[in-house]
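Please read the structure below before turning to the comments.
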Amino acid sequence: MKQAGQRRLQMLVASTVSLIGDGPLGLPMESMFGPEVAQLRAEGESLSEVSCLADRRQDVRRFLPTFRELTRLMAQFARYQSIDSLLITVNPRHVKFYTHYLGFVPISRRITDCPHVENHPAVALRLEF
């Protein structure tokens with residue numbers, strides 16, 4: 001029974017990120033950038049793909065600090081797991097953010113349709129540790 005004046009707490013997910021390890025099924029981005037991922041594997045890279053990166057806030061002043069910490073923790077976990085490189089597919093309009101602020105570099109000049117996000121355009125990026 002609630003006491004007078006108590007508010008009900010509402011739990012909301014503010015941000016999400018998933019780190020998908022490479023394995024027998026491969027990585028989701030291989031459906032778009034298979035040759036590029038195969039080349040990195042052939043060079044002996046231990047790979048993981050960053051996915052489901054989202055934030056519900058619209059205000060960039062609130063988004064950036066949380067996003068920075070979330071990606072920092074993800075990178076630390078990847079290094080703990082002995083991952084050499086993180087791969088990600090992003091919309092071309094976000095490439096500058098990922099390259100300038102997070103240090104990713106393109107692994108291909110191709111832009112392709114991404115079946116995971118309603119066939120919006122995608123570019124493949126890599127963050128090498």
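Going through (1) among the acidic types (Asp, Glu); (2) under 18 Å from residue 127 (Cβ atoms); (3) modelled with pLDDT under 95 one by one, residue 30 falls short only on (3). Of these, 12, 19, 47, which one is closer than 20 Å to residue 129 by Cβ, touching a residue at least 40 places away in the same chain (Cβ under 8 Å), among the hydrophobic types (A, V, I, L, M, F, W, C) and open to solvent by 40 Å² or more (accessible area, probe 1.4 Å)? Checking each option against the conditions leaves just 19.
Is there a residue being on the phi < 0 side of the Ramachandran plot, surrounded by fewer than 13 Cβ atoms within 10 Å (Cβ to Cβ) and of a type in the set (Asp, Glu) anywhere in region 73-94? No: zero hits. If you go through region 87-100 and keep only what is free of Cβ contacts under 8 Å to residues at least 60 places away in the same chain, out of contact with any Pro (no Cβ under 9 Å at 6 or more places or on another chain) and under 26 Å from residue 44 (Cα atoms), you end up with 88, 90, 98. Scanning region 22-38 for residues that are farther than 11 Å from residue 87 by Cα, in contact (Cβ under 8 Å) with a residue 24 or more places away in the chain and open to solvent by 50 Å² or more (accessible area, probe 1.4 Å) yields a count of 1.
Considering region 50-72, the residues that are basic (Lys, Arg) and without any contact (Cβ under 8 Å) to a residue 40 or more places away in the chain include one that is surrounded by the fewest Cβ atoms within 10 Å (Cβ to Cβ), namely 61.
The values are calculated or read from the model by the stated rules, or taken from the named source; none is laboratory data. Predicted model, so just to flag it, every value in this text is computed and none were measured. Here Cβ is always computed from backbone atoms with ideal geometry, including for glycine, and neighbour counts include all displayed protein chains. Calculation scope for accessible area: heavy atoms of the full protein, side chains included, ligands and nucleic acids excluded. Shrake-Rupley method; radii C 1.70, N 1.55, O 1.52, S 1.80 Å.
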